[in-house]
Amino acid sequence: SHTANDVYERLQGQLEVKDRVVLNMQQVPYMSSAGIRTLLLLYRSVLNNEGKIVLINLQEPLQETLDITGFLEYFNTQDSLDAALKAMQ
């Protein structure tokens with residue numbers, strides 16, 4: 001919750017129209033509501049620019065949280081970078 005805004009600003013500043021974004025979530029075992037909100041804002045921004053976003057390497061606790069809250073349905077999730085790149089084609 002302390003870094004969510006910083007993460008969003010950094011990522012938002014790097015996006016361009018029709019960007020394809022892969023977020024490696026391997027080092028994210030937990031995400032507060034602020035982090036989930038940040039993911040959704042990023043998702044909307046990428047979608048509005050006709051881009052695609054894929055989450056990879058979701059740890060089980062975070063995947064369960066996103067699933068229970070209904071947010072997982074917004075994201076394409078894959079187990080690896082190769083799978084994510086194929087999913088974006």
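The values are calculated or read from the model by the stated rules, or taken from the named source; none is laboratory data. All of these numbers come straight from a predicted model, not from anything done at the bench. Here the Cβ positions follow ideal geometry from the backbone for every residue, glycine too, while neighbour counts run over all protein chains shown. Areas reflect the complete protein model, heavy atoms only, side chains present, ligands, DNA and RNA absent. Shrake-Rupley method; radii C 1.70, N 1.55, O 1.52, S 1.80 Å.
Close contacts from segment 21-35, counting a first residue that is touching a residue at least 24 places away in the same chain (Cβ under 8 Å) and a second that is open to solvent by 70 Å² or more (accessible area, probe 1.4 Å) and among the hydrophobic types (A, V, I, L, M, F, W, C), with Cβ to Cβ under 7 Å and a gap of 6+ residues or different chains, come to 22/81.
In this structure, does residue 63 turn out to be of a type outside the set (Asp, Glu), open to solvent by less than 60 Å² (accessible area, probe 1.4 Å) and modelled with pLDDT of 90 or more? For residue 63, the condition - of a type outside the set (Asp, Glu), open to solvent by less than 60 Å² (accessible area, probe 1.4 Å) and modelled with pLDDT of 90 or more - is not met.
List the helices (runs of 4 or more DSSP H) inside the chain, counting only whole elements, that have at least 1 residues being of a type in the set (S, T, N, Q). Give the steps one after another, and end with the answer.
Working: elements: 4-14, 33-48, 60-68, 81-88.
In the chain, 4-14, 33-48, 60-68 are the helices (runs of 4 or more DSSP H) which contain 1 or more residues that are of a type in the set (S, T, N, Q).
Take the residues in segment 1-18 that are closer than 20 Å to residue 85 by Cβ and surrounded by 15 or more Cβ atoms within 10 Å (Cβ to Cβ), then tell me which one is modelled with the highest pLDDT. Walk me through how you get there before you give the answer.
Looking only at segment 1-18, we keep the residues that are closer than 20 Å to residue 85 by Cβ, and these are 11, 14-18.
Keeping just the survivors that are surrounded by 15 or more Cβ atoms within 10 Å (Cβ to Cβ) gives 11, 15.
On the way: 11: 74, 15: 68.
Top of the filtered list is 11.
What about residue 37, is it out of contact with any Ser or Thr (no Cβ under 9 Å at 6 or more places or on another chain), exposed (fewer than 14 other Cβ atoms within 10 Å of the Cβ) and of a type outside the set (Val, Ile, Thr)?
Values: out of contact with any Ser or Thr (no Cβ under 9 Å at 6 or more places or on another chain): yes; exposed (fewer than 14 other Cβ atoms within 10 Å of the Cβ): no; of a type outside the set (Val, Ile, Thr): yes.
Criteria not met by residue 37.
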